[in-house]
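Quick notes on the structure that follows.
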Amino acid sequence: MMLPSRPIPRLEEAMPRLFAAAAPLLGERELTRARLFFGGLVPVLRCADRRLREAAHEGETDWSERATRNYYLALRGGLPFQNHFFLVLEDDSEKTTVVARAASLAAGLLAVAHEIERGSIEPDILAGVPLEMEQYRRTLFATVRIPDARHDRLVRREPWARHLVVAVHGAFWAVDAFVGDAPATAAELARAFEKIVLDAKATANTPAGPGPATALPREAWSAVRTSLAAEGASRSALEAVEDALFVVALDLDSFPADAPEMADLVRLGNLENRWFDKSLQLVVSGNGRAALTFEHSAVDGHNAMRVAAEAHARGTKASLVGSAAALSLRPLDFCPAPRVLGLLDDNRAFLQRERAGRRTLTFDAYGLGAERFRALRLGIDAPVQLAIQLAAYSIFGELPAVNESVQMRRFRHGRYDTVYTVTPESLAFVRDEGRDTAGARLRAAVDAHRRLVDACKRGESPVLYFTALLDAQEARSRVRVEPDGLSAFGRTVLSDRGFRELMHPRVTTSNAGARPGVDVFGFSDAEGGVLGVAYLVKADRTTIHVKADGELRSELPRFVARLSDALEFIAQLGVAG
C-alpha cells in the first residue's frame, strides 16, 4: 500500500504555530521581540521555502526524511556523545554466557534481516493505520555513516553483504552470516564466536583496532579514516567493517549487575570495542546482558524497537545444540601506521573528557504504567510529560522549553517530528501544584497534550519544517544557524532569546513505545547542557533513563527524585479527579 507523502507546510501557517509554541515560555515583551525577530527572517525563509519545494521533486526520499537525515549528518561531535540511541534488552535466563546470548540474538537479527531483504516482513500497523516500512530496507542493515570534515554521508551496501563483524578486545573479525541462502543459525554462530573468543584471548597483546576513533569528532575521525583507507591491509579491513550487515561487540570483561549498569556500558563503556558509524551494533556483556545501539541519521526509535523486540523473542527460542556448519571467519588486520596511532593518542583526552562530563540515572516507577494511567483516563504519554515539566520547574526555577519526538510513519518515508510540550494548560498545571484547582488543571493539560500530538501526526508541527528551511538555506548561502540566532559571513545578524528557547531546548524527551523484550531506552543529545529523558511506558511500570551533562550533572539526582514524586502525584490527582 502506497502511503501519502507529507505535504510541505505553508510558511504563513507555520509561523503562527511557532509563535504559539513559544508563547508559554516567554513574557509578552519577549514574545513581541520573537515576532519581530522572525519577521526579519521572512525574506530568508521564503527563499529557503522555494528551494525546499524545488528539492522535493529530486531524489528518492521526501523533504522531511531528507531534513532529518541531513540534520544528523551535519553534526560534528563524537557520535556516542551526540548522535546515538540504545535499547537494553531483557535478560534471557537460559543464555547467560556472552557467546550463547550473542549467537542467539545475532541469529534473530539475521532472520529479521532476511525477511526484510525478501520483502516478507509483516507490516507495522498502529490503531488500524499502516506505517512506513522503507527504513527497515534502506538503512537498518548493511549501512554505514562515512565521516567528512564538513558533512557526513550515509552509505548502504547494495546488494547487502553476506557477513557480519565481531569485535573482541578492540580487534575485529569478519564472519559469514549465511549458509547458502539461509541465515546462519544460533548454533553455527556460537561455534564461530567461540573460536573468535579463543583467538582473542590468545592474541590479547595485539594492538587494538581503530574503534575508539569512530567516537571522535567527525573531522578527527575523517583524518584517521583517510589514512586507513590509503593503506592496503587497513583498507580491506575498513571495507569489511563498513559493508557488514551489523557489528557484534563481545565485552568479555564487563559484568553489569543490572539493566541500568548495562545502559551505562552500552552508552559510553568500552569505546575500543565499538564501531559507531554502523547503523546497528549488538553489544553483549560477559554475563550475557545485551543491548542494541543505533546511529541516528540512519535509524529511528520506533523501527529500532520492533527489531529489538523481534531479535529478543527469536533469540530466546533459538537452540544452540544440533548440527552446525562451520562458518568462514577471518581476522581484520588494520595495521595502523604510526601517523594513525599518533592521531588516536592525540584525541584520547577528548574521549576521557566527554565520558567524564556525563552522568545517567535509570529507574522504574513501579505501579505507574499504561494500565494505571489508562484506568485514570490520562492516556499513557501525557502523565509522564507533565511529570517531566514539574521536575524541570523545580530544577530551573521556571518552566524551560521541553520537546518530545513524535513518530510520523503514517506518511511515506516518514520518520519523526518534534513538539514543544509546554502549553498554556501545562504551565497553569505546574504553577497550581498543591492547590485545589490542580485536578482540573491536570485534565486540561492532558487534553492539550493529546491535541498537540494529534496535530503533529497530521503534519501540523512547525519544528521539522523550520529545520528543513534552515537546512535548505545553509546549503546554498553563507547564512548559518548559531546558538543565539543567525549569522552571516561570521557575524551575528539576528539574535533572540525566543529563538534560543525553541532551537535549543533544555529538556529533550522521547517515548519509544514499549515492546516486550526491551528493558531500557536511552539517547544522546545533539546539544550540550541538556537533560535528556527517555522512557518506556510498560503495562505495570514506567522505565525512565535520564542523561545530564555539564553543570546539570549535579542536579540529576534531584531531578530524578522530583520526577518520581511527580508521577505519583499525578496518579493521585487522577484518582481524585
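Table: residues versus (1) under 23 Å from the mean Cα position of the chain (by Cα); (2) more than 21 Å from Glu398 (Cβ to Cβ); (3) not aromatic (Phe, Trp, Tyr).
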| residue | (1), (2), (3) |
| --- | --- |
| Ser510 | yes, yes, yes |
| Ala514 | yes, yes, yes |
| Tyr535 | yes, yes, no |
| Val546 | yes, no, yes |
| Gly550 | yes, no, yes |
Apart from one, (1) among the small types (Gly, Ala, Ser); (2) in contact with a Lys or Arg (Cβ under 7 Å, 6 or more places away or on another chain); (3) assigned to a helix (DSSP H, G or I); (4) crowded, with 20+ Cβ neighbours inside 10 Å all hold for Ala249; the odd one out is (3)
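Which residue out of Ala309, Ala313 is open to solvent by 30 Å² or more (accessible area, probe 1.4 Å), assigned to a helix (DSSP H, G or I) and either among the acidic types (Asp, Glu) or in contact with a Gly (Cβ under 7 Å, 6 or more places away or on another chain) (or both)?
Exactly one residue qualifies, and that residue is Ala313.
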- Task: Please indicate, with yes or no, whether at least one residue in segment 269-278 is open to solvent by less than 20 Å² (accessible area, probe 1.4 Å), among the hydrophobic types (A, V, I, L, M, F, W, C), closer than 30 Å to Gln82 by Cβ and not in a helix (DSSP H, G or I).
- Result: yes
The lone condition Ala215 fails out of (1) among the small types (Gly, Ala, Ser); (2) open to solvent by 20 Å² or more (accessible area, probe 1.4 Å); (3) over 25 Å from Ala103 (Cβ atoms) is (2)
When His151 is run through (1) assigned to a loop (DSSP other than H, G, I, E, B); (2) within 24 Å of Val112 (Cβ to Cβ); (3) within 20 Å of the chain's Cα centre (by Cα), the failure sits at (2)
Within segment 501-540, residues being open to solvent by 10 Å² or more (accessible area, probe 1.4 Å) and at positive phi number 2
Next on the checklist: Looking for something open to solvent by 30 Å² or more (accessible area, probe 1.4 Å), outside any helix (DSSP H, G or I) and out of contact with any strand residue (DSSP E or B) (no Cβ under 9 Å at 6 or more places or on another chain) - is there at least one such residue anywhere in segment 354-377?
Outcome noted: yes
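Per-residue answers, yes or no, for (1) more than 19 Å from Arg458 (Cα to Cα); (2) touching a residue at least 24 places away in the same chain (Cβ under 8 Å); (3) among the hydrophobic types (A, V, I, L, M, F, W, C):
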residue: Arg10; (1), (2), (3): no, no, no
residue: Leu26; (1), (2), (3): yes, yes, yes
residue: Arg29; (1), (2), (3): yes, no, no
residue: Arg33; (1), (2), (3): yes, yes, no
residue: Gly39; (1), (2), (3): yes, no, no
When Glu58 is run through (1) part of a loop (DSSP other than H, G, I, E, B); (2) at pLDDT below 90; (3) under 23 Å from Ser405 (Cβ atoms), the failure sits at (3)
Scanning segment 52-102 for residues that are over 24 Å from Asp417 (Cα atoms), of a type in the set (Gly, Ala, Ser) and crowded, with 18+ Cβ neighbours inside 10 Å gives Ala100, Ala102
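The values are calculated or read from the model by the stated rules, or taken from the named source; none is laboratory data. Note that the coordinates shown come from a computational prediction; the quantities given were computed from them, not determined experimentally. Glycine gets a Cβ as well: all are built from the backbone with ideal geometry, and neighbour counts include every protein chain shown. These accessible areas exclude ligands, DNA and RNA; they are computed on the full protein's heavy atoms, side chains included. Shrake-Rupley method; radii C 1.70, N 1.55, O 1.52, S 1.80 Å.
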